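Undergrad: Before I ask anything, here is the structure I am working with.
The values are calculated or read from the model by the stated rules, or taken from the named source; none is laboratory data. None of these values were measured; they are calculated from a predicted model. Using ideal geometry, Cβ is built from the backbone for each residue, glycine included, and neighbour counts are taken over all protein chains shown. SASA here: full protein model, heavy atoms, side chains in, ligands and nucleic acids out. Shrake-Rupley method; radii C 1.70, N 1.55, O 1.52, S 1.80 Å.
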Amino acid sequence: MKSSKHLIQYNLKRSQRKTVSIYVERDGEVMVMAPKELSDAAIDELVDSKAASIFKHQAELEELNQVKKTREAVNGESYLYLGRNYRLELVEQQEAPLKLKDGYFLLQKKHAPKAEQVFKQYYKEKGAKRIPERVRYYEKLMGLTTSEIKIMDLQNRWASCNTKGDLNFHWKCMMAPLKVLDYIIVHELAHLIYANHSEAFWNEVDKVLPDYRERKNWLRVNGAGMDL
């Protein structure tokens with residue numbers, strides 16, 4: 001953790017980038033991505049200059065995070081999948097630990113104590129099939145070429161990428177509606193063109209998804225509820 005002199009505590013990551021990017025993570029922590037040659041003092045000054053905006057964003061996130069829900073593996077509990085809530089039903093026997101059938105999530109009773117792990121695996125497997133299909137569609141539309149695609153736990157990020165064209169997506173993305181999932185994918189693909197959130201970056205997103213603001217806002221408001 002890097003602390004600025006007066007106002008903001010932040011996590012700092014340096015790289016060969018040319019510009020500074022400041023992110024407020026979903027848990028309220030501040031991440032700063034900065035060029036290797038930029039001094040600590042210059043970074044402190046820049047972060048402090050954004051203090052009002054950062055504090056406002058943190059306050060909004062604190063309010064939104066109040067909708068976060070801890071789910072229990074009991075009959076009638078609801079679980080998200082592609083934007084819809086499905087009730088849980090515990091069953092004695094079936095060919096898989098967890099399946100979605102007839103509008104219900106069916107979970108074998110013997111797996112209830114480890115339901116969180118079972119659901120994570122389910123989302124990962126479904127994401128490994130659906131997300132690459134959507135990536136291929138949008139990379140063609142945007143004239144890009146990606147490399148490896150992984151579905152994993154990314155802590156407070158929905159997705160990430162690197163200069164090699166590798167893309168990582170949080171398994172929680174499979175809880176979002178398809179329109180929002182597409183927004184997450186296009187957002188990350190646009191980062192292969194622009195590493196920051198500049199006006200040019202958002203223009204790139206807008207060219208593909210003219211209604212991206214609506215999709216982005218859904219994720220901002222509902223993201224905290226996409227959890228186990």
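Undergrad: List pairs: first residue in segment 18-43 and farther than 27 Å from Asn222 by Cβ, second residue β-branched (Val, Ile, Thr) and surrounded by 13 or more Cβ atoms within 10 Å (Cβ to Cβ) anywhere in the structure, Cβ distance under 6 angstrom, at least six positions apart or on different chains.
TA: What qualifies is Ala34/Val20; Ala34/Ile43.
Undergrad: Find all pairs meeting these conditions: Cβ atoms under 9 angstrom apart; at least six residues apart or on different chains; first residue within segment 206-217 and more than 12 Å from Ala190 (Cα to Cα) and hydroxyl-bearing (Ser, Thr, Tyr); second residue open to solvent by less than 60 Å² (accessible area, probe 1.4 Å) and assigned to a helix (DSSP H, G or I).
TA: Final answer for the pair search is Tyr212/Tyr183; Tyr212/Val186; Tyr212/His187; Tyr212/Trp202; Tyr212/Val205; Tyr212/Asp206.
Undergrad: Could I ask something else about it? Name the single residue, out of those in segment 92-144 being buried (at least 16 other Cβ atoms within 10 Å of the Cβ), touching a residue at least 40 places away in the same chain (Cβ under 8 Å) and of a type in the set (A, V, I, L, M), that is farthest from Phe169 (Cα to Cα).
TA: If we take residues in segment 92-144 being buried (at least 16 other Cβ atoms within 10 Å of the Cβ), touching a residue at least 40 places away in the same chain (Cβ under 8 Å) and of a type in the set (A, V, I, L, M), then Ala115 is farthest from Phe169 (Cα to Cα).
Undergrad: So, one more: Counting only residues that are open to solvent by 80 Å² or more (accessible area, probe 1.4 Å), of a type in the set (Asp, Glu) and modelled with pLDDT of 85 or more, which one in segment 39-90 is nearest to the chain's Cα centre (by Cα)?
TA: Only one residue fits best here, namely Glu72.
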